[in-house]
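Asker: Quick one: structure below, then a few questions.
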Amino acid sequence: MGDMSAAPFASVTTAPAAAPAGPSVGAAPQGSGRPVAVGMPQVPRTRRSREEVEAAAPVAKEKSVLLAAPRGYCAGVDRAVVAVEKALEVHGAPVYVRKEIVHNRHVVQTLEERGVIFVQELDEVPEGALTVFSAHGVSPAVVNEAAERNLQTIDATCPLVTKVHREAVRFAKQEKQILLIGHEGHEEVEGTYGEAPEHTTIINNPDEARTVQVEDPDNLIWLSQTTLSVDETLEIVSILRERFPNLQDPPSDDICYATSNRQAAIKMISPQCDLVIVVGSANSSNSVRLKEVALEYGAARAERVDFANQVDESWFEGVATVGLSSGASVPEVLVREVLDLLAQYGYETVDEVVTAEEDIIFSLPKELRAELKRVGDHSRSLGGRGKTVKA
Ligand code: SF4
């Protein structure tokens with residue numbers, strides 16, 4: 001699913017304690033000027049074969065870190081966070097954001113300090129105020145409510161979520177029953193469901209796939225949340241297809257490239273790890289999935305933390321190899337802080353295991369592009385490192 005086109009397996013050796021500050025590398029979109037993201041240092045790359053890495057770990061048994069890549073910020077999160085920052089610059093505080101702009105405590109706290117007010121629902125926003133919709137998307141009912149209240153809106157929905165919304169609308173027009181695989185109550189699922197509630201049934205897990213009732217087994221299509229476990233989604237689809245052989249697939253994968261790539265990277269390192277630490281918030285679907293995937297793929301233990309100060313020293317009893325990754329809404333500075341802590345515990349050798357290269361940057365929401373053009377801000381123009389995709 002997504003862009004699984006793997007670059008050659010590679011390892012990057014770095015010494016975090018001595019590393020100089022520098023620009024982001026690997027997955028982190030660039031050029032944002034965002035204050036919440038501090039990049040990893042540029043380090044010399046020592047490419048090793050997969051066999052060499054796998055063979056080295058059990059023999060060495062010295063304390064080391066396997067750092068998964070890609071990890072951290074995806075293009076959709078980068079776009080949403082930059083959109084809020086630019087809105088602050090252009091309009092000044094306060095800027096209202098419906099729900100958390102992305103599911104990360106550090107990002108939310110940092111933006112709050114700069115004058116962003118996060119609300120749960122639009123009735124908390126003063127009439128006419130500037131309001132940003134989060135990366136997870138909103139249903140048409142929310143868009144209509146904003147219009148009724150004369151709110152000035154910026155839609156920071158990730159374009160890959162918007163793609164799923166459009167699919168839902170299209171298949172509802174064709175009178176198909178949509179089986180939406182995802183977690184009920186998650187904002188993204190609420191938004192997609194809201195595009196076609198009469199045509200959509202949410203499937204939360206394999207058990208629900210075994211029991212769901214459909215109107216016409218020959219008129220079904222499945223769609224999914226973008227941040228699910230690739231493996232569990234395939235399992236659910238397989239159960240559904242066994243029951244409904246004519247189930248139609250979506251035109252392209254809904255689980256996004258960033259989710260797929262981060263899971264592929266953690267699958268690669270987990271069999272060699274005594275402990276995997278995933279940096280990410282509890283309400284971040286893709287971060288929670290990363291911890292689950294680490295355990296499924298052989299990590300002896302896996303823990304998720306928001307911040308380095310949540311890492312517990314007792315986890316390291318008898319641990320030689322620590323795996324480290326981060327969810328798609330996590331700025332690299334938080335990974336960096338965990339690396340620094342690990343170095344204090346004696347895990348100074350860091351091998352970065354790269355399973356894919358990412359170079360996607362989404363252009364900013366169109367409402368904002370027009371405003372930035374008006375004020376002569378070209379800092380997020382097309383070009384530079386990475387492949388900018390018009391959203
Ligand atoms: S995880 Fe995927 S769908 Fe979600 S914001 Fe990132 S790129 Fe978009």
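The values are calculated or read from the model by the stated rules, or taken from the named source; none is laboratory data. None of these values were measured; they are calculated from a predicted model. Note: ideal-geometry Cβ built from the backbone for every residue, glycine included; neighbour counts use all protein chains shown.
Asker: Among the residues of the range 242-277 satisfying the criterion of being over 16 Å from the mean Cα position of the chain (by Cα) and of a type in the set (A, V, I, L, M), which is surrounded by the fewest Cβ atoms within 10 Å (Cβ to Cβ)?
Answerer: Taking the range 242-277 as the starting set, the residues that turn out to be over 16 Å from the mean Cα position of the chain (by Cα) are 242-252, 267-277.
Adding the requirement that they be of a type in the set (A, V, I, L, M) leaves 247, 268-269, 275-277.
Details: L247: 18, M268: 22, I269: 29, L275: 22, V276: 29, I277: 27.
Checking each candidate, the answer is L247.
Asker: Filter the range 145-173 for residues that are among the β-branched types (V, I, T) and within 16 Å of the ligand (Cβ to nearest atom); which is farthest from the chain's Cα centre (by Cα)?
Answerer: Initially, the range 145-173 is screened for residues among the β-branched types (V, I, T), giving 153-154, 157, 161-162, 164, 169.
Cutting the leftovers down to within 16 Å of the ligand (Cβ to nearest atom) gives us 154, 157, 161-162, 164.
Working: I154: 20, T157: 13, V161: 11, T162: 15, V164: 16 Å.
Checking each candidate, the answer is I154.
Asker: What strands (runs of 3 or more DSSP E) completely inside the range 304-372 contain at least 2 residues that are farther than 16 Å from I266 by Cα? Before you say what the answer is, go through the steps one by one.
Answerer: Values: elements: 321-326, 349-354, 360-362.
Counting at least 2 such residues, we get 360-362.
Asker: Right, next: Within the range 177-234, which residues are within 16 Å of the ligand (Cβ to nearest atom), of a type in the set (A, V, I, L, M) and touching a helix residue (DSSP H, G or I) at 6+ places or on another chain (Cβ under 9 Å)?
Answerer: Scanning the range 177-234 gives L180, I181, L223, L228, V230.
Asker: For V142, state whether it is assigned by TED's automatic domain parsing to the domain that holds E371, buried (at least 18 other Cβ atoms within 10 Å of the Cβ), within 16 Å of the ligand (Cβ to nearest atom) and under 25 Å from the mean Cα position of the chain (by Cα).
Answerer: Taking the combined requirement at face value, the residue does not satisfy it.
Asker: If you don't mind, another one. Quick one: count up the residues across the range 207-235 that are over 18 Å from H136 (Cβ atoms) and outside any helix (DSSP H, G or I).
Answerer: Initial filter on the range 207-235 (over 18 Å from H136 (Cβ atoms)): 207-222, 230-232, 234-235.
From the residues that got through so far, the ones that are outside any helix (DSSP H, G or I) too are 212-222.
Selection size over the range 207-235: 11.
Asker: Another question, then. What are the residue pairs meeting all of these: first residue in the range 360-378, first residue buried (at least 18 other Cβ atoms within 10 Å of the Cβ), second residue modelled with pLDDT under 95 and assigned to a loop (DSSP other than H, G, I, E, B), Cβ atoms under 6 Å, and 6 or more apart or on different chains?
Answerer: I361/P29; I361/G386; F362/A391; L364/R380
Asker: When you check G298 against the structure, is it in contact with a Cys (Cβ under 9 Å, 6 or more places away or on another chain) and in a strand (DSSP E or B), yes or no? Explain how you work it out, then say what you get.
Answerer: Values: in contact with a Cys (Cβ under 9 Å, 6 or more places away or on another chain): yes; in a strand (DSSP E or B): no.
Taking the combined requirement at face value, the residue does not satisfy it.
Asker: Identify the residue in the range 67-95 that is over 30 Å from A294 (Cα atoms) and touching a helix residue (DSSP H, G or I) at 6+ places or on another chain (Cβ under 7 Å) and, among all such residues, is surrounded by the fewest Cβ atoms within 10 Å (Cβ to Cβ). Walk me through it before giving the result.
Answerer: Narrowing the range 67-95 to residues over 30 Å from A294 (Cα atoms): 82-95.
Filter once more, so that each one left must be touching a helix residue (DSSP H, G or I) at 6+ places or on another chain (Cβ under 7 Å): 83-84, 86-87, 90, 95.
Working: A83: 27, V84: 23, K86: 25, A87: 27, V90: 16, V95: 26.
The selected residue is V90.
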